[in-house]
Amino acid sequence: MDLDRDKLLWIYRRMRQIREFENRLHEDFAAGLIPGFVHLYAGEEAIAVGVCAHLDDDDFITSTHRGHGHCIAKGVEINGMMAEIRGKASGCCKGKGGSMHIADVDRGMLGANGIVGGGPPLACGAGLSGRIRGSRQATACFFGDGGSNQGTTAESLNLAAVWKLPVVFICENNRYAETTSTDYSIGGPDIAGRGTAFGMPGIVVDGQDVFAVYEAAGEAFRRARDGEGPTLLECQTYRYFGHFEGDEIKYRTRDEEAHYRERDCLENFRSVVLDGELLEAEELDAIDREAETAIVDAVAFAESSPLPDPAECLNDVYVAY
Amino acid sequence: MAERELTYRGAINEALRLEMRRDESVFIMGEDIAGAPGRDDPEMVDAWGGVLKVTEGLINEFGPERVRDTPITESAFIGAGVGAAATGMRPVVELMFIGFMGVTLDQIINQAAKMRYMFGGKAKIPLVIRTTIGAGFRAAAQHSDATYSTFVHFPGLKVVAPATPYDAKGLLISAIRDDDPVIFCENKVLYDTTGPVPEEDYTVPLGPAGHPRDGADVTIVAISRMVSISLEAADRLAADGIEADVVDLRCLSPWDEDAIIGSIEKTGRLVVVDEDNPRCSMASDVAALAASRALGYLDAPVQMITAPHTPVPFSPPLEDYYVPKADAIVEAVRAIT
Amino acid sequence: MPLIGIIPNPSSGKDIRRLVVDADGIDNQHKAKIVRRVLRGIAATADVAATTVAVMPEMADIRRRALDGLELPFPVDVLDTPCHGLAEDSLAAARALADRGAAAIVVLGGDGTHRMVAKGSRDVPLVPISTGTNNVWPRRNEGTLAGMAAALVADVRVPLEVACRQTPRLDVLRDGQPIDLALVDVAACDIPVPGARAIWDVTRIHQLVLSMAQPGVLGLSAIGGSLPPPPGGDRRGLALEIGPGGQEVMAPIAPGLVVPVAIRNVRWLEPDETVSITFRPGTLALDGERETAIGSNDDLAIRLNKNGPTMVDVDRTLELAADSGEFIMPCRSPA
C-alpha cells in the first residue's frame with residue numbers, strides 16, 4: 001500500500017468535513033432547527049472515506065439511513081446536503097428527500113436509503129450495469145449490522161457471487177441496530193463469515209483505522225475491477241451518537257462509548273501520519289479550520305435559502321405522465 | 001406496414017428482440033428466461049425460453065450477458081434491475097408471476113417508484129418489470145392473481161395490461177423506451193391468442209385507452225383478458241339491440257380518464273369488468289371516477305363485474321367460477337338498461 | 001484449585017490475506033465448536049471438583065455459544081477484562097489469568113494472538129490451537145486433545161518439564177529498553193503505516209529477525225527455514241537483510257504464496273544477541289503484523305531472548321499420561 005501526500009490530505013479533509021457536518025447537525029437538531037429523523041455518522045468516518053478514496057465519479061455507491069458520511073465521501077456538495085436536511089428548495093433533492101434520501105446520481109451516489117437492506121440489490125444492479133457495458137466501474141454497497149440480517153442482503157451477496165459482480169459489500173458493524181446489539185441479533189457470530197458462505201472473501205477490518213479500511217478496500221476494488229468478483233468487508237466501528245437524534249441511548253454504557261472515542265479515527269489518523277512523518281501537524285490544523293468554515297458556510301447557505309413552494313409537492317414523480 | 005397474424009406471446013418476444021437490437025442498453029433478466037444457465041451443452045441452451053416460452057430464442061441472438069438467467073432471488077434481481085436502470089441501462093426484468101411481488105415488493109415500491117421523487121427529480125429509472133397475471137391455468141392462489149391494482153396505487157410506477165397482440169408489442173416497446181418504471185402485466189391465458197401485428201417496430205403510447213367497440217347504450221370498461229369477454233357479451237347484447245361502447249383500459253397508470261368519462265357521457269351507463277379482486281381495485285377506481293366526474297351523466301348505478309373477494313382457487317369448477325364471464329356482463333347490462 | 005484459562009480470539013483468521021493470498025476464513029462458530037471440545041476434554045480429564053475454567057470475554061461471545069446446552073461439572077467464568085474487539089483484549093485476559101495463578105491457558109489464534117497472550121501470560125504454560133492465518137508458533141492441535149492436555153498439565157499429572165517447553169522470543173528495544181516482543185519474527189518494511197497490518201509482499205521487507213528458522217512452517221520465518229542450518233550448528237535465531245546482492249530462496253510466506261526471496265546477508269544469532277534496525281523510515285512488523293512506525297531518529301533493536309513463553313506439547317503430554325496409566329478406567333484422580 002502506498003499513499004501520496006494528496007491522498008492523505010484528501011482522506012483527512014473528507015473525514016474532518018463529515019465530523020464537522022455531523023457535530024453541527026447534532027447541535028442544530030437539539031436546538032430544534034431540523035425537521036424529521038436524522039441519523040448521524042460521527043465515529044464511522046474512516047469507513048466511508050477509506051472506501052470512497054478508491055472511487056471516481058463514475059463509480060457507484062449505495063447507502064443507508066446513516067448516509068451523510070457516504071455522501072460527503074463520494075463528493076456530494078455539502079451546501080446542498082445541509083439545505084436538504086433543513087428542507088429547503090436549494091437542497092440537493094429540492095427538499096423532497098431529507099436526511100434519509102440524499103442522493104447525487106451524477107456523482108454515482110445512488111441515495112441514502114430509509115429501508116434497512118434496501119441498498120444491496122441496487123448495488124448488484126449498478127455493478128451489473130458496468131459489467132454489461134464492459135467498463136471498469138465498481139460499486140460500493142454500504143450496509144450495517146442490522147442490514148446484514150435482511151434477506152435482501154443475503155440474496156444480493158449470493159447474486160453478486162454468482163455473477164462475479166464488481167461490487168464491494170461494506171458492512172459497517174457499529175454493534176447496534178437501533179437498540180439491538182449484535183450479541184443478540186447475529187445468529188452466526190460472524191458477518192464477515194457470511195461472505196465466505198456465499199462464495200466471496202469476507203474479512204474483518206478495523207473500522208476506526210482509515211488506513212486499514214483504505215488498504216482492504218483497495219484490494220477489494222482491485223478484485224472487483226479485474227473481474228475477480230465481490231468482496232465483503234466487515235468494518236467494526238461505533239456510532240458516537242444515538243440511532244437517531246433524540247435517542248437517549250439507554251442500551252449501551254458510557255464506558256463503552258468512552259472507549260470508542262479514545263480510538264477516534266481522526267485522532268488515530270493524526271498519530272499515524274505524525275509518527276510516520278508523513279504530514280505536518282500544521283497541515284492538519286489548516287484542514288480542521290477549513291472544515292469548520294465550510295460547515296458554517298453550508299449552514300448559512302441553508303438558512304438563507306427559501307423553503308420550497310408547496311405546489312412543488314406535485315413535481316418529479318415521473319419523468320412524464 | 002407489413003402485417004401478419006402473430007400470437008400475443010410472439011408479439012412480446014418480437015418487441016424485446018427489436019428493442020434489444022435497437023438499443024444496447026436494453027437487456028432482459030429473470031428466472032429461466034433462457035434456461036439451463038451455465039451449461040455448456042448447446043442442446044441445453046434455451047432449455048425453457050421462459051416458463052411460458054415468451055423469451056424463447058432471444059439468448060441465441062443476444063447471448064447470456066443480455067439474456068440473463070437469474071437464480072430464484074426476486075428481491076435481488078428486481079432490485080438489480082432498479083440499480084441497473086438508475087445507472088444507465090434499460091433493463092426488462094421478468095417476475096414470473098405477479099403473486100411473487102410479495103417477495104420483492106420493497107424494491108418496487110420503496111426503491112423503483114420513489115427514487116426519482118425522493119431525489120428531487122434527479123434520477124430516472126427506465127425499468128420494465130414484465131409479469132404474468134390471470135386465472136385459467138389451474139395454477140391456484142399464488143400463481144394466478146391479477147393484482148395489478150396494487151401497483152397502480154403507488155405513485156412513481158406506470159402499469160400496463162395489454163389485451164391484444166398488437167397492443168402487447170406496441171405498449172412493450174413504449175414501456176422499454178419510457179424513462180419511468182413500468183409494470184407490464186401479461187395475461188397468460190392470452191399468450192396463444194392471435195391478432196394482426198406489424199413486423200416493424202411501432203409504439204402504442206402509455207396512457208390512452210383502446211376503443212375496440214363503439215356503442216351508444218352502455219359503457220363497458222374492461223381490462224386485459226376481460227376485454228375479449230366483454231366483446232363477447234357486447235355481441236350478445238347487440239342481438240337484443242343494446243349497443244355497448246367497450247373501452248379497453250390497457251393502461252392502468254397513467255390511465256385515460258377522458259375516454260371513460262367521454263363514453264359515459266355518451267351512454268349514461270357504466271359496467272366495469274376486472275379480473276382482480278373487488279376491494280381497492282381498478283373496478284372500484286373506475287367507479288369512483290365516474291362518481292366524482294360523471295355522476296350527472298349516469299342514468300343507473302355503476303355495475304362492477306369482478307372476481308370474488310377470494311384468492312384464486314385450484315379445482316377447475318372453482319377456478320371457472322372465480323373468473324368473470326360474459327353471462328354476468330350481459331346480466332349486469334340488462335339490469336341497468 | 002487449578003484454574004484453566006481459555007482465550008479465543010474472535011478476530012483471528014479474518015484479515016486481508018483472504019483477499020491478497022489464498023488464506024481461508026476461520027469462522028467464529030468453528031471456534032465455538034473448538035472451545036466446546038476443549039471444555040469436554042477438560043471435563044473428561046481434570047479433577048473436576050477442583051477445576052475452574054475462565055474464558056476471555058469477546059464480541060462474538062464464543063463462550064456462550066460453546067456452552068450452549070452443555071452441562072459441565074465445573075464453573076466456566078468470564079474474566080472481568082475489557083471486551084473491545086482489540087488485540088489488547090487478549091493481552092489483558094492473559095495478564096488477568098496470570099495474576100489469578102492460572103495453571104494453563106488454552107489459546108485460539110494465530111501468531112499474532114499468541115504474541116499478545118505471551119505479553120501478559122508470564123510463565124503460565126500455553127496450550128496453542130491454531131486458528132490464525134500464519135501459524136508458526138501455535139500448532140494445529142485438536143480442541144478435545146488440547147483440553148485434555150491442559151487438564152493434565154493443570155493437575156500436574158505429567159512431568160511439566162517434559163510436557164512443556166520454553167520457546168524463544170524477540171524483544172523489541174527502543175533506546176535499549178524493551179517496548180514490545182514478538183514470538184517468531186520481526187520485519188522492518190517500507191510500508192508507511194500499519195494499515196491492514198499483514199505483510200505479503202516480501203519486496204517491501206528490508207530487515208528480518210527470526211527467533212526460529214524451522215522448515216515446514218508458513219510465514220516470514222519460512223524465509224529462514226528455507227536456508228540450510230549454520231555449519232555444525234543448530235537452527236536458531238537469525239537476522240536477515242532482505243534484498244538483491246546475495247542468495248535467493250523459495251519460501252512459503254503466506255497461504256498459497258511461495259515466492260523467491262532475495263537475501264543479501266545472513267547472520268545466525270546467539271541468545272541475548274541484539275540486531276539494530278537500520279532500515280528507516282517505515283514500519284516494524286511483529287509476527288507478521290505491522291505495528292509501529294520506524295521514525296528517522298528512532299533507535300530500535302531486536303534482541304533474541306531464550307526465555308519466551310512456555311508451550312504445552314499436546315502430543316507429548318498425552319503420551320506421557322498414557323505411559324503412566326492416566327487413562328486406565330476408572331480414571332485416576334489426584335487426591
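The values are calculated or read from the model by the stated rules, or taken from the named source; none is laboratory data. The shown structure was predicted, so the numbers you read here are calculated from the model rather than taken from an experiment. All Cβ positions, even for glycine, are placed from backbone atoms using ideal geometry, and neighbour counts span all protein chains on display. Surface areas here come from the heavy atoms of the whole protein model, side chains and all, with no ligands, DNA or RNA. Shrake-Rupley method; radii C 1.70, N 1.55, O 1.52, S 1.80 Å.
Values computed for the structure shown
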{"quantity": "Cα-centre dipole for region B:178-317 with unit charges at Cβ (Lys and Arg positive, Asp and Glu negative), debye to 20", "calculated": "640"}
{"quantity": "FRET efficiency estimate (nearest 0.05) - Cβ-Cβ, A:Glu303 to B:Thr310, R0 51 angstrom", "calculated": "0.35"}
{"quantity": "Per-residue SASA entry for A:Arg225, accessible area with 1.4 Å probe, Å² rounded to 10", "calculated": "50"}
{"quantity": "Solvent-accessible surface ranking, highest first, for B:Leu298, B:Leu237 at 1.4 angstrom", "calculated": "B:Leu298, B:Leu237"}
{"quantity": "Equivalent ellipsoid dimensions for region A:103-261 as semi-axes, Å, which come from the Cα gyration tensor, largest first", "calculated": "28, 16, 15"}
{"quantity": "Ratio of Rg to Rh over chain A (Cα coordinates, Kirkwood Rh, two decimals)", "calculated": "0.95"}
{"quantity": "Heavy-atom SASA rank of B:Arg236, B:Arg17, B:Arg279, A:Arg19 (probe 1.4 Å, accessible area, largest first)", "calculated": "B:Arg279, B:Arg236, B:Arg17, A:Arg19"}
{"quantity": "Where B meets A: accessible area buried, both sides, 1.4 Å probe, Å²", "calculated": "3400"}
{"quantity": "Unit Cα scatterers, Debye sum, region B:3-198: log10 I(q)/I(0) for q = 0.08, 0.11, 0.17, 0.19 Å⁻¹", "calculated": "-0.23, -0.45, -1.13, -1.41"}
{"quantity": "Value of [θ]222 nm, deg cm²/dmol, for chain A, DSSP H segments ≥ 4, -39500 (n - 2.57) each, nearest 500", "calculated": "-14500 deg cm²/dmol"}
{"quantity": "Contact order normalised by residue count of chain B, Cα under 8 Å, 6+ apart, percent", "calculated": "16"}
{"quantity": "Ranking by accessible area, most exposed first, for C:Lys14, A:Lys250, B:Lys114 with a 1.4 Å probe", "calculated": "A:Lys250, B:Lys114, C:Lys14"}
{"quantity": "Interface burial for C against A (accessible surface, 1.4 Å probe, total of both chains, Å², rounded to 100)", "calculated": "2500"}
{"quantity": "Chain C - mean residue ellipticity at 222 nm from DSSP helices (-39,500 (n - 2.57) per run, n ≥ 4, rounded to 500)", "calculated": "-7000 deg cm²/dmol"}
{"quantity": "Accessible area of B:Glu243 in the full protein assembly, 1.4 Å probe (Å², nearest 10)", "calculated": "70"}
{"quantity": "Cα-based convex hull, the protein assembly as shown, per residue volume (Å³, whole number)", "calculated": "206"}
{"quantity": "Sites matching GluC sites (Glu not before Pro) across region A:238-300 that sit in DSSP coil, with at most 11 neighbouring C-beta atoms within 10 Å", "calculated": "A:Glu248, A:Glu280"}
{"quantity": "Prolate/oblate/rounded label for region B:114-194 (Cα gyration tensor, a/c 1.5)", "calculated": "oblate"}
{"quantity": "FRET efficiency, 1/(1 + (r/R0)^6) with R0 41 Å, evaluated for A:Glu178 and A:Arg133 via beta carbons", "calculated": "0.60"}
{"quantity": "In region B:175-226, GluC sites (Glu not before Pro) in a DSSP loop with at most 11 other beta-carbon atoms within 10 Å", "calculated": "B:Glu200"}
{"quantity": "Net charge, A:Asp297 excluded, C-beta distance under 12 Å - Lys, Arg +1, Asp, Glu -1", "calculated": "-4"}
{"quantity": "Amide hydrogen neighbours beyond the local backbone of B:Leu252, cut-off 5 Å, H modeled", "calculated": "B:Val159, B:Val160, B:Ala161"}
{"quantity": "Long pairs among A:Lys96/B:Lys124; A:Lys94/B:Lys169; B:Lys124/B:Lys169, criterion Cα-Cα beyond 26 Å", "calculated": "A:Lys94/B:Lys169"}
{"quantity": "Inverse mean reciprocal Cα-Cα distance (Kirkwood Rh) of region A:249-304, Å", "calculated": "13.9"}
{"quantity": "Whole-Å distance, taken between Cα centres, linking region A:180-234 and region C:81-113", "calculated": "25"}
{"quantity": "Spatially proximal lysines relative to A:Lys250 (Cα-Cα < 24 Å; intrachain offsets below 8 disregarded)", "calculated": "none"}
{"quantity": "Kirkwood-Stokes translational diffusion coefficient of chain C, alpha-carbon pairs, 4 °C, 1.567 mPa s, µm²/s", "calculated": "64"}
{"quantity": "Coordinate range along principal axes, alpha carbons of region C:169-305, Å, largest first", "calculated": "36, 31, 26"}
{"quantity": "Of all DSSP beta bridges in region A:29-172, antiparallel share, percent nearest 5", "calculated": "10"}
{"quantity": "Square roots of five times the Cα gyration tensor eigenvalues for chain B, Å", "calculated": "34, 21, 19"}
{"quantity": "Reachable aspartates and glutamates, given that their alpha-carbon falls under 18 Å from the alpha-carbon of C:Lys306 and they are not under 8 places away in the same chain", "calculated": "C:Asp111, C:Asp123, C:Glu161, C:Asp171, C:Asp180, C:Asp185, C:Asp234, C:Glu270, C:Asp272, C:Glu273, C:Asp287"}
{"quantity": "21 Å Cα-Cα reach of A:Lys7 towards lysines, excluding residues that sit fewer than 8 places from it in its own chain", "calculated": "A:Lys74"}
